[in-house]
Amino acid sequence: MTSPTPILLVKSGGAAAVEEWRAGLAEFSAGLPLEVRWWDDPAVDPQAVEYALVWQPEAGRLARYPNLKAILSSAAGVDHILADPELPAALPVVRMVTPETRQRMAEFTVMASLMLQKDMPRMIAQQARRDWVEFASPRSAREMRVGVMGLGALGLACARMHAAIGFAVAGWARSPRDEAGMDCYAGAAQLPDFLARTDILICLLPDTPDTHHIIDARLLAQLPAGAMIVNVGRGSHVHAPDLLAALDAGHIGAALLDVFEREPLPPDAPFWRHPRIMVTPHAAATPSRRERARQAAATILALRAGKTPEHVYDRERGY
């Protein structure tokens, strides 16, 4: 028998985080009856589960809930959900995109660009050697050209914050865009021109067949000598051997990588050891749990009202 109170099953942050999720959902759900339960709670009736808020759910698990109405990602990406071969095809999958996500991503990418512009990899290496060698950055932000690949909500936030501190910013997307104060390039035909004017390439593309390993030898060769890479999109965007080869050859000056094809990044991965790579642990833009609970509540309220919530993943477009 189906419970009169719908259950939201949570797999994000561990069992200890359930109380925080529960408090956040209660704060923002406008009195909607909703029972928040942990993913591995053995007392949960599968028939009563109507929503699932998840990160990296094990394959086949979501198909066990016959009354499931929607799957909510606890992060902006949904590839960790789509990887499930048994995922019910008709269920909406909702991305976690919040105002806080946009702010945090913009902050992180500006930090990354400034670290690369100031040659932070060299400073880190000098500290490790206890080697005091003074040097100056060759160019200021106003002399650096940033190119943002992917002009969705996150990409636009990053582009605008870069422009605000003086970087010369352009964007590239699959289809034409018009953004005030920024040159926008679109499609494969305009990609070479976009790359040729880019000193720091920031990748915020969605995960689609067209973007798989898009940062490869061919793309890297079209960047100016000494250009630098920031990948905060998907780990699958970077073809690792090609990036390492371009760094070793000196054509690419440095990289900051926050996402990887395999996470956690294995201890023997060459990215850890390369002197011109900074590794961060998928830390770019995770909003607070309270903010994510706010967005989850808005999604559930929209669904209960028969409306289409924001940020539903479009399987045809790939984002």
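For helix 18-28, what angle does its Cα long axis make with the longest principal axis of the chain, in degrees from 0 to 90 and rounded to 10? It is inclined by approximately 80 degrees. Under the criterion of Cα pairs below 8 Å and six or more residues apart, the relative contact order for region 1-96 equals 28 percent. Kirkwood hydrodynamic radius computed over the chain comes to 21.1 Å, based on all pairs of distinct alpha carbons. For Ala254, the residues whose amide H sits under 5 Å from its own are Ile229, ignoring neighbours fewer than 5 places away on the same chain, with H placed 1.01 Å from N. Summed over qualifying helices (DSSP H, 4 residues or more, each -39500 (n - 2.57)) and divided by its residue number, the chain shows a 222 nm mean residue ellipticity of -9500 deg cm²/dmol.
In region 19-41, whose amide N lies under 19 Å from the spot 7 Å out along Cα-to-Cβ of Arg290? List them in ranges. In region 19-41, the label zone of Arg290 (backbone N under 19 Å from the point 7 Å along Cα→Cβ) covers 19-31.
Peptide packing for 249-255, 145-151 was compared via the average number of neighbouring C-beta atoms within 10 Å per residue; ordered from the highest value, the list is 145-151, 249-255. Note on region 101-279: with charges restricted to the Cβ of Lys and Arg (+1) and Asp and Glu (-1), its dipole about the Cα centre is near 340 debye.
Remark: relative contact order (the chain) = 17 percent; criterion is Cα-Cα distance under 8 angstrom and separation of 6 or more residues. Using the alpha-carbon positions of region 162-319, Rg (one decimal) and Dmax (whole number) come out as 17.9, 57 Å. Ranked by the mean number of other Cβ atoms within 10 Å of their residues, highest first, the peptides 155-165, 258-268 fall in the order 155-165, 258-268.
Readers should treat all values here as calculations from the given coordinates under stated rules, not as data from a laboratory. The shown structure was predicted, so the numbers you read here are calculated from the model rather than taken from an experiment. For neighbour counting, all protein chains shown are included, and Cβ atoms are generated from backbone atoms with ideal geometry for every residue, glycine included.
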